[in-house]
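I have placed the structure first, in the form of structure tokens, so that the comments after it can refer back to it.
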């Protein structure tokens, strides 16, 4: 494999996508197993949900330190260290003998998880040319969504008999992915930027750059939108609980209900795979107007709200073999999709709603890369991820309290439906903030473009200082980036 060639770059992107997916698998393992883990340790579901909340918060806070380290130093060892830590914490979770040990293991895993997304984002953004950012970032975002779904599915299927097994299997997969990462391409900063074609650009972030980051108004809206968006998304980790409760309400045993909840929650989130369409739409509209990506994200999250509300209240008639094997229950659920109209309608509604909200992810990633120079991207991403983490943790924690409060007036599963529907209205301020970002993005992109051209004019190949690059050569570099970019 030619080092730095097309094949090596493709291999590197695939490994980064797998790493981003696996860290979300680790996060998604716990919610389907709240009851099982709680029973083992003699605590309620709320105590186990606390572990998930703590994981969201700690991983988000730790991501800032990891990202800053990645923007200041060699990113490869930083990412390896973070991955090793979360793998160790996940394995410890599966071996925990009591609730304090389990909670501590989730804290360790969360600290390592903070490194993966923030540092990987900065690296991947340097592998992708600006005109393809929406499309490729949709795969990046999709990998995280698929990871969460896989965590839900793996947790429910492998953990319905023994909740420890999914944690140990995920830890082993993390070890394999870490070994694969050792052989990835060590991407130079700014490698995909047309303005820096032929330039050895190795700028690093400095503490004095933080005011510059916040002076880009688009960054403010991109960071803040995650607070409300993730309250809504955080509440959706309770989807397996909603569908499990529906199965129990129809008389199914606890073990079968756990499988049913996990499979339905997985199926109903397949719309996230359509984030590719959101990325393509953002790329296409961006060629017409600098507001394109932000407008696509705004329309997507606002239009999804009524479909989520419909989804939670449509009744479902579940027909599966109670006490059957995992394979038998999965087969029955898939059969219900095509033979039971209520299930089919719910699936179609969920896929459409998630398709709309999934336009958020690739365009958010692409916008962060569009308005920030390479040495700032990991840190800005981590700041956004911090707000995301607080929003997601808040949604996950508060929704549990809301469910309990609603249970007096609305018996399960109706209390889950009412609570989840209410939390989706947090998407409304998210859409407004994307619209506000669309009004400032053109100026911020132009300022970053100008700054990169100024840096390129002072540097020659291999970092040698050179005179100003002629304007026609700059334009040629912008329109015709080097092969493989």
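Here are the numbers for this structure:
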{"read-out": "Those residues of segment 15-59 which are over 22 Å from the mean Cα position of the chain (by Cα), touching a residue at least 40 places away in the same chain (Cβ under 8 Å) and assigned to a loop (DSSP other than H, G, I, E, B), in sequence order", "value": "42, 43"}
{"read-out": "Test: residue in segment 175-182 that is at pLDDT 90 or above, closer than 30 Å to residue 35 by Cβ and in contact with a helix residue (DSSP H, G or I) (Cβ under 7 Å, 6 or more places away or on another chain)", "value": "yes"}
{"read-out": "Of the criteria (1) surrounded by fewer than 16 Cβ atoms within 10 Å (Cβ to Cβ); (2) in contact (Cβ under 8 Å) with a residue 24 or more places away in the chain, which one residue 346 fails", "value": "(1)"}
{"read-out": "Enumerated helices (runs of 4 or more DSSP H) restricted to segment 198-268, each holding at least 1 residues that are crowded, with 22+ Cβ neighbours inside 10 Å and in contact (Cβ under 8 Å) with a residue 40 or more places away in the chain", "value": "217-235, 239-249, 254-268"}
{"read-out": "Output for segment 402-417, where each listed residue is assigned to a helix (DSSP H, G or I) and crowded, with 17+ Cβ neighbours inside 10 Å", "value": "402, 403, 406, 414, 415, 416, 417"}
{"read-out": "Pairs where the first residue, in segment 155-172, is without any contact (Cβ under 8 Å) to a residue 24 or more places away in the chain and the second is surrounded by 22 or more Cβ atoms within 10 Å (Cβ to Cβ) and not in a loop (DSSP other than H, G, I, E, B), C-beta under 6 Å, 6+ apart", "value": "158/166"}
{"read-out": "Residue tally, condition exposed (fewer than 13 other Cβ atoms within 10 Å of the Cβ) and free of Cβ contacts under 8 Å to residues at least 60 places away in the same chain, over segment 278-305", "value": "1"}
{"read-out": "Some residue of segment 3-14 being surrounded by fewer than 22 Cβ atoms within 10 Å (Cβ to Cβ), under 17 Å from the mean Cα position of the chain (by Cα) and in a helix (DSSP H, G or I)", "value": "yes"}
{"read-out": "From 231, 276, residue being in contact with a helix residue (DSSP H, G or I) (Cβ under 9 Å, 6 or more places away or on another chain) and under 27 Å from residue 394 (Cα atoms)", "value": "231"}
{"read-out": "Qualifying residue in segment 101-114 (condition: without any contact (Cβ under 8 Å) to a residue 60 or more places away in the chain, out of contact with any helix residue (DSSP H, G or I) (no Cβ under 8 Å at 6 or more places or on another chain) and closer than 19 Å to residue 159 by Cβ)", "value": "no"}
{"read-out": "Any hit, segment 456-479, residues being in contact with a helix residue (DSSP H, G or I) (Cβ under 7 Å, 6 or more places away or on another chain), at pLDDT 80 or above and under 30 Å from residue 296 (Cβ atoms)", "value": "no"}
{"read-out": "Residue within segment 426-444 that is surrounded by fewer than 18 Cβ atoms within 10 Å (Cβ to Cβ) and either at pLDDT below 85 or farther than 29 Å from residue 290 by Cβ (or both) present", "value": "no"}
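The values are calculated or read from the model by the stated rules, or taken from the named source; none is laboratory data. Bear in mind the structure is a predicted one, so any value in this text is a computation, not a measurement. Methodologically, a virtual Cβ is constructed for each residue, glycine included, from the backbone with ideal geometry; neighbour enumeration extends over all protein chains shown.
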